[in-house]
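Take a look at the structure set out below.
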Amino acid sequence: MSEKNIYPVPDHFQQAWMTDEKYQSLYRYSLEKPEEFWSCKAEHYINWFRPWNSVYEGDFSKGEVSWFRGGQLNVSVNCIDRHLEKRADQTAILWEGDTQDEQKSYTYQQLHDEVCKLANALKQLGVNRGDRVCIYMPMIPEAAFAMLACARIGAVHAVVFGGFSPNSLQDRILDCDCQMVITADEGIRGGRVIPLKANVDEALQCCPDVHSVLVVKYSGSDINWVEGRDHWYQSLTATQPADCEPEIMDAEDPLFILYTSGSTGKPKGVQHTTAGYILYTTVTFHYVFDYREGEVYWCAADVGWITGHSYMVYGPLSNGATTLMYAGLPFWPDASRIWDIVDRHQVNIAYTAPTAIRALMAKGNAYVDKSSRSSLRLLGTVGEPINPEAWQWYYKVVGNSRCPVVDTWWQTETGGIMITPLPGANALKPGSATRPFLGIRPDLLDDDGNKIVGPGEGNLVISGSWPSQIRTLYGDHQRMLDTYFNRFPGYYCTGDGARRDEDGYYWITGRVDDVLSVSGHRLGTAEVENALVLHQAVAEAAVVSIPDPVKGEAIYAFVTPMDDAEPSTELESELIKLTASEIGPIAKPKRIQWTKALPKTRSGKIMRRILRKIARGDTDNLGDTTTLADPSVINHLIEHSAYCQ
Ligand code: 6R9
């Protein structure tokens, strides 16, 4: 039914430079001559110290790809220096703090100076090209400075979301052997204090290789201090020169590592490289958000996720845009904050997640109607499938039916947007990410790897490489092959399911693996399970997702108690607390169901497919249960599920 709901390109949005016809012909050309297409874009969109020798070399069976080999460049030069001639006095970063009275802005010249001072400070602390630097920060401009300063000196940043616990932080620091951490005394979000430095101190108890911690004074509270290791950001950068010669980087040098959840407990360090990543994020930002001179663009993602990397920092700055960064929460102090920010900063383009849209929608239209929002020209969403109802609310109520909605599908591993409408080119269908970006060839395969031609549903894979494709999982290339390339040889396997309709539009149906998506944040089932079983009363745990009207998905945990333990509501709240302290508040289960046993295959694998159906009350057809070691477990689980009480 939702497919009949088609929103044509608004009249005032018809653009000479991107029409449906133009998209179709450019798309065909980008697939027929990918090297010509991408080298043309690389010349036009990126500044190079030295041109490349070969556009693309690769072998999917080894998970090896390289783009622009021989080329040399620096990402911070592309995001800052090259704009100085024309835009030295234009705002690069516009910042609003947790409360409305905290505002800051940095011109491109100021951004240059801040980044160079920090780059010099990092060098003084002994950070060298290729070293990994962990960034554990609130949403403050210094987080962007830190990323760009690393890029300037060729260090590889690993940003860890500020909501992660000391344990999660420690795992990540150890996994990629960071020797330096950049943080703040405390974060402040929605009036709540996040003890970042205290978390770092706790995490570093078992990280002997970390020699320096650089601390931004932000909240100003008293914090613990380790002499010799800890340095104040403000004092150390104040005395540095505001110029720092950029490191000449090779196209395939790593730019950053970003951890994402997999289906096993250990997080995956997705590694992106210099040229391919900055080219792809620059080009997609330009086309998808149709950024125009002088506009204010706002991506509401946290810098700890890939969206914050690609479309709050790198993509916009590389295009010379003004990017807004907001440190607070959408509902703080109330649900009108977002629209108030849009009006005060005259935001033209807003990019957020369906979970935020649904939560704002649930608060009613009055909060939106109080604002004008007349500056808005384009709206975007990312992170999970958007239900048509929320899409329509976003389009009609927030955008007054004037602003196209770009529903952008992509992943940490893809580096940039892969399936998306291009405003001006595509009629929109609420709930569909529409069509592939230029140069991207999605395919649908059935479970046996047969290609589905025409309309149909299957595993979403990508044929052929694109510049910002994942290069490796840090320290575990084999795991990368197993996760993305061995399931369907010759393709990049996304882990998502999708349907393609008769117009060639894609509808993402969600993860086909064991990854949860809570408020658009990915969590591995095993990560949450591992936290639950840390409790002495818990023998075993299996978690699955259930649909949630606000978060998209919520966590439903099946927990087997130890023989001598008695399930109780106190125990439940202890478990919930444990997931929050081990992983972060997003990992809290919405529901815990106690069970004597879990459904397992004979080889001992928990059958989450069945648990997912039980948790959702969808028990009429549980599919094939013949591989179960003990089928009697099922009835017991159904009788005690949330639906039978
Ligand atoms: C950018 C980002 C990736 C997973 C992805 C998919 C889901 C992202 C989506 C979407 C439907 C969209 N996802 N965008 N599903 N429609 N527009 O979110 O990266 O955190 O790695 O998550 O998110 O399931 O596989 P990441």
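Stretch Lys22-Asp59 to full length: gain in nm at 0.36 nm per residue minus the Cα-Cα span?
Result for the pair: 10.2 nm of gain on full extension.
Taking the Cβ of each residue in Val160, Val226 as the centre, tally the other Cβ atoms inside 10 Å and list the residues starting with the fewest. Spell out each step's value before the answer.
Numbers: Val160 26, Val226 10.
Ascending number of Cβ neighbours within 10 Å: Val226, Val160.
Excluding residues on the same chain fewer than 8 positions from Lys117, give the lysines whose Cα lies under 20 Å from its Cα.
Lys104, Lys217
At what distance in nm do the modelled label points of Glu574 and Asn486 sit from each other, each positioned 7 Å from its Cα along Cα→Cβ?
4.0 nm
Could you give the dipole magnitude of the chain about its Cα centre, charging the beta-carbon of Lys and Arg +1 and that of Asp and Glu -1, in debye to the nearest 20? Don't skip to the answer; put the middle values down first.
Details: 60 positive and 81 negative charges, 191 e Å.
That gives a dipole near 920 debye.
Going by how many other beta carbons lie within 10 Å of each one, how would you line up Thr274, Thr483, fewest first?
Working: Thr274 25, Thr483 21.
Listing Thr274, Thr483 from fewest to most nearby Cβ atoms yields Thr483, Thr274.
At 0.36 nm per residue, minus the direct Cα-Cα distance, what do Gln346 and Phe49 gain on full extension? Give it in nm, one decimal, please. It would help to have the intermediate numbers written out before the result.
Values: separation 297, 0.36 × 297 = 106.92 nm, distance 3.66 nm.
Extending this stretch completely gives an extra 103.3 nm.
Run the numbers on the chain and let me know its relative contact order in percent, using alpha-carbon pairs under 8 Å that are six or more apart. Working shown, then result.
Numbers: 1414 pairs, mean separation 86.1, N = 645.
13 percent.
Please give me the summed charge of the neighbours of His636: other residues whose Cβ is under 12 Å from its Cβ, Lys and Arg +1, Asp and Glu -1. Display every interim value, and only then the final one.
Working: positive: Lys596; negative: Asp630, Glu639.
Cβ neighbours under 12 Å give a net charge of -1.
Amide H neighbours of Asp407 under 5 Å, counting only residues 5+ apart in sequence or on other chains, H built in-plane at 1.01 Å?
Residues meeting the amide H criterion: Thr381.
Counting helices only, and only those DSSP H runs with n ≥ 4, report the 222 nm mean residue ellipticity of the chain as the sum of -39,500 (n - 2.57) divided by its residues, in deg cm²/dmol to the nearest 500.
Working: 20 runs with 176 residues, N = 645.
Calculated mean residue ellipticity at 222 nm is -7500 deg cm²/dmol.
Arranged by the count of other C-beta atoms within 10 angstrom, fewest first, what order do Lys217, Lys590 take?
Values: Lys217 14, Lys590 17.
So the ranking, lowest neighbour count to highest, is Lys217, Lys590.
Rounded to the nearest 20 Debye, what is the dipole magnitude of segment 31-81 about its Cα centre when Lys and Arg each give +1 and Asp and Glu each give -1 at the C-beta?
Values: 5 positive and 8 negative charges, 25 e Å.
Charge dipole, segment 31-81, about its Cα centre: 120 debye, nearest 20.
Please give every one of the lysines within straight-line cross-link reach of Lys577, meaning a C-alpha to C-alpha distance under 17 Å, and leave out same-chain neighbours fewer than 8 residues apart.
Qualifying lysines at Cα under 17 Å: Lys588, Lys590.
From Cα pairs below 8 angstrom and at least 6 apart in sequence, can you work out the relative contact order of segment 34-187, rounded to a whole percent? Before the final figure, lay out the partial values.
Working: 208 pairs, mean separation 27.5, N = 154.
Relative contact order for segment 34-187 comes out at 18 percent.
Which one of Thr579, Ser221, Thr273 has its Cα pushed farthest toward the positive end of the charge dipole of the chain, where Lys and Arg give +1 and Asp and Glu give -1 at the Cβ?
Of the options given, the answer is Thr273.
From the square roots a ≥ b ≥ c of the eigenvalues of the alpha-carbon gyration tensor of segment 516-645, which class results: rounded (a/c under 1.5), prolate (a/b over b/c), or oblate? Numbers along the way, then the final one.
Working: a/c = 1.59, a/b = 1.21, b/c = 1.31.
Note, shape of segment 516-645 comes out oblate.
Find how much the distance from Ile638 to Asn365 grows on full extension, using 0.36 nm per residue of separation minus their present alpha carbon separation; answer in nm with one decimal.
Working: separation 273, 0.36 × 273 = 98.28 nm, distance 3.92 nm.
That works out to 94.4 nm of additional length.
Which cross-chain or sequence-distant (5 or more) residues have an amide H under 5 Å from the amide H of Arg189, H modelled 1.01 Å from N in plane?
Ile194
Hey, which lysines would be in cross-link range of Lys370, C-alpha to C-alpha under 19 Å, not counting anything within fewer than 8 residues on its own chain?
Partners within reach: Lys396.
Residue by residue, what Karplus-based ³J(HN,Hα) values in Hz, rounded to whole numbers, does segment 502-507 have, using 6.51, -1.76 and 1.60 with θ = phi - 60° and x for Gly and Pro?
With coefficients 6.51, -1.76 and 1.60, one gets 5, 8, x, 7, 9, 10 Hz.
Got the relative contact order for segment 177-257 handy, in percent, Cα pairs under 8 Å and 6 or more residues apart? Could the numbers behind the result be given before it?
Numbers: 91 pairs, mean separation 23.3, N = 81.
Relative CO of segment 177-257 lands at 29 percent.
Rounded if a/c is under 1.5, else prolate if a/b beats b/c, else oblate: with a ≥ b ≥ c from the C-alpha gyration tensor eigenvalues square-rooted, which is segment 476-558? Mind showing how you got there, number by number?
On the way: a/c = 3.30, a/b = 1.41, b/c = 2.35.
Note, shape of segment 476-558 comes out oblate.
What nm value, rounded to one decimal, do you get for the distance between Lys217 and Val397 when each label is placed 7 Å out toward the C-beta?
Once both label points are built, they end up 4.4 nm from each other.
Which of rounded, prolate, oblate describes segment 44-199, given a ≥ b ≥ c as roots of the alpha-carbon gyration tensor eigenvalues and a/c under 1.5 marking rounded, otherwise prolate only if a/b is larger than b/c?
Values: a/c = 2.06, a/b = 1.25, b/c = 1.64.
It comes out oblate by the Cα gyration axes.
Computed FRET efficiency, Cβ-Cβ of Asp243 and Val533, R0 45 Å: what is it to the nearest 0.05? Mind dumping the intermediate values first?
Values: r = 53 Å, r/R0 = 1.17.
Plugging the Cβ-Cβ distance into 1/(1 + (r/R0)^6) gives 0.30.
Read-outs: derived from the displayed coordinates by stated rules, not from any lab. All values reported here derive from a predicted model rather than from experimental measurement. Cβ atoms come from the backbone with ideal geometry, glycine included; neighbour counts cover every protein chain shown.
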